[in-house]
Amino acid sequence: MKYKAINPQLFIDNRARFIKHLLSHSVAVFNANDIMPSSADGHLGFKQNTDLFHLCGIDQEESILIIAPHALNVNHREILFLKETNETIAVWEGHKYTQEEATTTSGIKTVYWLSQFETVFKTLVCESENIYLNTNEHLRAVVEVETRDARFLDWCMKKYPLHHYQRLAPIMHNIRAVKNKYEIELIQQACNITGKGFERLLKFIKPGVTEYEIEAELIHEFVRNRSNGFAYGPIIASGASACVLHYVENNKECQDGEVILLDVAAEYANYASDLTRCVPVNGKFTVRQKQVYNAVLRVLKAATQMLVPGAYISHYHTQVGKLMEQELIGLGLLKAEDVAQQNPATPLYKKYFMHGTSHFLGLDVHDVGNFNKPIEAGMVFTCEPGIYIPEEKLGIRLENDIWVTEKGPVNLMAHIPIEADDIERIMLTSK
Ligand code: GLY
Ligand code: MN
Ligand code: MN
């Protein structure tokens, strides 16, 4: 791992919150993600299962976490089962956790090797009424491969058919949505690394530079700051490409007079940040570009103030839509009389602003969380309004990461330049 050791209290606190949601006499099982094969003997990079990481911080394949708060053997109330290393693995793959290291990382005292799993698990199952298993219930997830969790579920339900089976996902969505202070520090660290990348770009972008050269600058800055890289596929979209919401080709040359949309951010210690900035390729916005930019910025600032405990995301999205409507009228893109007569179910602003304003942020960039519950202190949301005008070859989105607190919203990206004048000044003075 490139990141520095994490305070295990992060995971201890999360487990303490988790067990409050379990029925009496239960055993919960979390599996690591698989290492996915590519071709021949290749494989894709490892990305830990975010639920397992949230509860124990173990960042290694083939790991299993068991939580059984009513286990008769008090040493078996939290157990990690890990892949046992050997000389061959040490030579070919390198270091794997020792049992002591796993305890230091997670705060879990009992660490066994996987070979002991079936015996220990049987004892726990026979003491329990309920078995909690994990499936991916993210509303936008499309999962075509059979995950380790899915294979375990098949095995377990065949082997122990008479137990009551329960879903981990609703519990995890609830507890992961509210971050503890250690998690906020890690997201802040991800935001800080993202900020370094963006500052580097302000000195680098000029007419003739390519989108992939910009991507290369960022990955360099992220990795040298202990990030594993991008928190999601970077969107580096100059000119009209900015109107393609999930543009990921990043293969064009940036032209004089265009604006480039940069939806690019680093992860740190598996925690995501999520940034969007738009900058003029030649260092100076045109009058029209700045009008659209400032319209989006006004909506961003007003929307940020609405991310407070007790608010409902659905109501928030409606309010942001109303702000956007007024801005689009001001820009001459919508007519006030058409807006007055619009069908509220299909508001006209969606022609220019067709995505939501906020999503949960955490271990996953589109993090888990329940959008139907009121916002709580400790949640982290993005705030990312945009206006996309293909006929003007212009797309502007501005995105910050906002920590909701009792004292009001805290912008974790407050240090990253966003005022149009600041962006222009920094770009022009670094030429
Ligand atoms: N970068 C993906 C998003 O902004 O939601
Ligand atoms: Mn983004
Ligand atoms: Mn986002």
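The values are calculated or read from the model by the stated rules, or taken from the named source; none is laboratory data. Just so you know, these numbers come straight off a predicted model, no measurement behind them. Every residue, glycine among them, receives a Cβ derived from its backbone with ideal geometry; neighbour counts consider all protein chains shown.
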Number of the condition not met by Ala237 [criteria: (1) closer than 17 Å to Ile423 by Cα; (2) out of contact with any Cys (no Cβ under 7 Å at 6 or more places or on another chain)]: (1)
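Under the condition of being among the aliphatic types (A, V, I, L, M) and over 13 Å from Ser238 (Cα atoms), which residue from segment 278-292 is nearest to ligand 3 (Cβ to nearest atom)? Give the steps one after another, and end with the answer.
So the first thing to find is which residues in segment 278-292 are among the aliphatic types (A, V, I, L, M), and the list is 279, 281, 287, 292.
If we keep only those that are over 13 Å from Ser238 (Cα atoms) too, we end up with 287, 292.
Working: Val287: 29, Val292: 19 Å.
It comes out as Val292.
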Evaluate the following for Ala420: is it at pLDDT below 95, more than 22 Å from the chain's Cα centre (by Cα), surrounded by fewer than 22 Cβ atoms within 10 Å (Cβ to Cβ) and more than 16 Å from ligand 1 (Cβ to nearest atom)? no
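Under the condition of being assigned to a loop (DSSP other than H, G, I, E, B) and touching a residue at least 12 places away in the same chain (Cβ under 8 Å), which residue from segment 337-352 is farthest from ligand 1 (Cβ to nearest atom)?
Restricting to residues being assigned to a loop (DSSP other than H, G, I, E, B) and touching a residue at least 12 places away in the same chain (Cβ under 8 Å), the top hit is Pro347.
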Hey, any hits in segment 363-372 for a residue that's crowded, with 21+ Cβ neighbours inside 10 Å and in contact with a Leu (Cβ under 8 Å, 6 or more places away or on another chain)? yes
Can we say Asn372 is within 17 Å of the chain's Cα centre (by Cα) and of a type outside the set (Ser, Thr, Tyr)? no
Taking the criterion of being without any contact (Cβ under 8 Å) to a residue 24 or more places away in the chain and in a loop (DSSP other than H, G, I, E, B), would at least one residue in segment 416-431 satisfy it? no
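What are the residues in segment 270-301 that are within 16 Å of ligand 1 (Cβ to nearest atom) and under 30 Å from Phe11 (Cβ atoms), if any? Can you show your working first?
Of segment 270-301, the ones within 16 Å of ligand 1 (Cβ to nearest atom) are 271-278, 296, 299-300.
Matches in segment 270-301: Tyr271, Ala272, Ser273, Asp274, Leu275.
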Quick check: anything in segment 362-375 away from ligand 1 (no atom under 14 Å from the Cβ), touching a helix residue (DSSP H, G or I) at 6+ places or on another chain (Cβ under 6 Å) and under 30 Å from Val281 (Cβ atoms)? no
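Of the residues that make up segment 8-16, is at least one more than 23 Å from Arg226 (Cα to Cα), β-branched (Val, Ile, Thr), in contact with a strand residue (DSSP E or B) (Cβ under 7 Å, 6 or more places away or on another chain) and modelled with pLDDT of 95 or more? So that I can check it myself, show each step before the final result.
Pass one, segment 8-16, residues more than 23 Å from Arg226 (Cα to Cα): 12-16.
Imposing the further condition that a residue be β-branched (Val, Ile, Thr) reduces the set to 12.
Then keep just the ones that are in contact with a strand residue (DSSP E or B) (Cβ under 7 Å, 6 or more places away or on another chain); that gives none.
No - not one qualifying residue is present in segment 8-16.
Condition test on Arg224, is it closer than 30 Å to Ile6 by Cα and away from ligand 3 (no atom under 16 Å from the Cβ)?
Details: closer than 30 Å to Ile6 by Cα: yes; away from ligand 3 (no atom under 16 Å from the Cβ): yes.
Considered against the rule, which asks whether it is closer than 30 Å to Ile6 by Cα and away from ligand 3 (no atom under 16 Å from the Cβ), Arg224 comes out as yes.
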Just to be sure, is Thr405 within 27 Å of the chain's Cα centre (by Cα) and buried (at least 22 other Cβ atoms within 10 Å of the Cβ)? no
Taking Glu213, is it in contact (Cβ under 8 Å) with a residue 40 or more places away in the chain, away from ligand 1 (no atom under 15 Å from the Cβ), of a type outside the set (Gly, Ala, Ser) and more than 19 Å from Lys47 (Cα to Cα)? no
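Residues in segment 327-361 that are within 16 Å of ligand 3 (Cβ to nearest atom), within 21 Å of Asn294 (Cβ to Cβ) and surrounded by 17 or more Cβ atoms within 10 Å (Cβ to Cβ): how many?
From segment 327-361, those within 16 Å of ligand 3 (Cβ to nearest atom) are 353-361; that's our starting set.
Narrowing the set further to residues that are within 21 Å of Asn294 (Cβ to Cβ) leaves 353-355, 357-358.
Those still in the list that are surrounded by 17 or more Cβ atoms within 10 Å (Cβ to Cβ) too: 353, 357-358.
Adding up the residues that qualify gives 3.
If I filter segment 349-369 down to residues being among the charged types (D, E, K, R) and within 15 Å of ligand 2 (Cβ to nearest atom), which single residue comes out as nearest to the chain's Cα centre (by Cα)?
First, pick out the residues of segment 349-369 that are among the charged types (D, E, K, R): 350-351, 364, 367.
Filter once more, keeping what is within 15 Å of ligand 2 (Cβ to nearest atom): 364, 367.
On the way: Asp364: 3, Asp367: 5 Å.
If we take residues in segment 349-369 being among the charged types (D, E, K, R) and within 15 Å of ligand 2 (Cβ to nearest atom), then Asp364 is nearest to the chain's Cα centre (by Cα).
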Looking at segment 257-277 only, could you name the residues that are more than 13 Å from the chain's Cα centre (by Cα), more than 14 Å from ligand 3 (Cβ to nearest atom) and either buried (at least 24 other Cβ atoms within 10 Å of the Cβ) or touching a residue at least 60 places away in the same chain (Cβ under 8 Å) (or both)? Glu258, Val259, Ile260
Condition first: surrounded by fewer than 17 Cβ atoms within 10 Å (Cβ to Cβ), under 24 Å from Pro69 (Cα atoms), in contact with an Asp or Glu (Cβ under 8 Å, 6 or more places away or on another chain) and among the hydroxyl-bearing types (Ser, Thr, Tyr). Can you find one or more residues in segment 128-139 that meet it? yes
Long-range neighbours under 6 Å by Cβ, at least six apart or interchain, first residue at positive phi within segment 358-376, second of a type in the set (A, V, I, L, M, F, W, C): Gly369/Ala177; Gly369/Phe360
Kindly state which helices (runs of 4 or more DSSP H) lie completely within segment 1-93 and contain at least 3 residues that are of a type in the set (A, V, I, L, M). 9-19, 87-92
